[in-house]
Structure formats: structure tokens, C-alpha cells
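Every number in this text was worked out from the coordinates using simple rules, so none of it is lab data. Remember, predicted model here, so these are calculated numbers, not experimental data. Positions of Cβ are backbone-derived with ideal geometry, glycine not excepted, and every protein chain shown enters the neighbour counts.
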């Protein structure tokens, strides 16, 4: 059994040591920042981008109809940013509580606050509730349809940490949870859903399966020893071929969403750039190089930003 780590000076093994958390916050707050993954912003970015895509796509449709509100659009983006940081933090804290024993057996996660003993389970639960309350305040700023839709997502969030115990496809359940924002942005504008929003949600799910498969290759040896299941283990040496299919389907579904919604040409240009970035990930992937897997996984933050930039620029040319 792994003994509590006192030699890491309060850091975690898989987070950058030069992050703002360690420069600005008191060391006493570091374990909570690590529970929320504030030192690893890629997580909230990947949660946020589907929200931004959906808000951007809805804004394009509203602009076509002559009912676009710039003030509402900016407010929604701000709320989705705050909500993504808060709910990603609450979700990670919950995940760490569920996976406490597993994390003690995995090299990459042993230095996290719970397995290293720097935070008690009670402290982690209190911190999780506080973050969830921030998310609730944000959610209540939207219309009631969006509020109900947001509450429904909690069932998937609660299930996800257990998925690795009963299926080889836990990344699918992560996709269901992490992509929910693709519905929320549209619902926040129109108070309903549409084919375009559903296609966008489906595309974000498939995208999540792809990038998290790359991420999971970092832990596949430990996962095999302790019986944790993942698409990385399932795909194995065929991962590159699977990514061709997953990323290709992501692009196809998103193209369909943009087409149905009548998005402008610049939105499709952003999608074309994303396709090149996906191709680069596939070409460069070495599933036996954990550092490279992490770098390629993180590059999906830029992919999400490029897709949103296309939608945003398309909107700029639509607004009189």
C-alpha cells in the first residue's frame, strides 16, 4: 500500500509546478485547488467549449432571425465560464472521493490530496458542496427550461466515476456529462432544443471519447493491474484507427449541426482547421509515450477554441 507522500511539497505529479495556484495561493489552499483541478485548466476548458459552441451557434441563428442580443450573449458566455470552472471542480472532487482507493494504486494519482492524506474525506465533501452551490447560483440565472436541463445532467455526472468498473466505455459516459453544455447554450437562448443542438451534443460526445482515450493511455498499465476499464485498453494498438473514426464522426456531426442551423462560412472554416488539428493528433500519437499523450490531449483545448472562433467570427459578420 502506498504511504502518504510528504516529499512532494504539496504538489501533484501530473500538474505543472509553475501554475498560478502555487504562485498566488497559500500552501494551505493548494490541496483544495488540486481537488478542483485549478492547476490543470484544460478540464474546465473542455467542459466549457461545448457550452460556447452551443451559445455561438444559437447566436448565429438568432442573428439570422434579427433577434440577437449582444448583452445576453456576453452574459451567457460569462456564466458558462464560471459554471464550467465550478462544476468541473465539484465533479473532480466527487470523482476523487469515489476513486480514493483506486488513486492510491495508480502512480500518476497517488500524490493527489485525498490519497496523500493532505485533505480528509469530510473536508473534500464540504468543498464539493461549496463548488456545487456556485454552480447552482449560475444555473438559476438562466430560463427554467435550461435550469431543469442542467439538473438532469447531475444523474450522468453521478454515474460517471463508476463506469470504469462495469464497462470498457467509461469515456462514453464522460462524453455524456462533459458535452451537456452543447444543449445548454441553445436552451439558454431559445428555451427549447432542436436538431442542430442534438447533433452538436452528439458530436461533442464523440470528440470526448476520442481525446479521453488519448488521455487514458497514460494509465493503461496501472489500470490493467487494478482492473480499471477504458477505451484505451479496449482499443490498444488500434487506437489510431479508432481515432480516425471518432474524430471523423465528430466533424461529420458538427458539420450537420452547422448546416441545419444555417451557420456562416467562417464557422465551417473553423471546422476545417479543427480537422487539420485532429489529423495532426492522429499522425503524432504514440500510445506508449505518456508525456506525448498528455500533450496531445491538452491540444484539444485549442481545437475547441478554434471551433468557437469560427462561430464567433461568423456571428460578427451577421450582426448589423
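Some notes on this structure:
- As a calculated quantity, the FRET efficiency between residue 252 and residue 317 at R0 = 22 Å, using C-beta atoms, amounts to about 0.30.
- Whether region 24-318 is rounded, prolate or oblate, judged on the alpha carbon gyration tensor where a/c under 1.5 counts as rounded: oblate
- Helix-only mean residue ellipticity at 222 nm for the chain, each DSSP H run of n ≥ 4 adding -39500 (n - 2.57), per residue, nearest 500: -23500 deg cm²/dmol
- When peptides 282-293, 187-198 are sorted by average Cβ neighbour count within 10 Å, with the highest value leading, the order is 187-198, 282-293.
- Length gained on full extension, residue 120 to residue 24: 32.2 nm, using 0.36 nm per residue less the C-alpha separation.
- Neighbour counts of other Cβ atoms within 10 Å put 166, 52, 178, 255 in the fewest-to-most order 166, 255, 52, 178.
- Crossing angle, helix 239-261 versus the chain [Cα axis fit, 0-90 degrees, rounded to tens]: 30 degrees
- Rel. contact order, % - alpha carbon contacts under 8 angstrom, at least six apart, region 133-229: 30 percent
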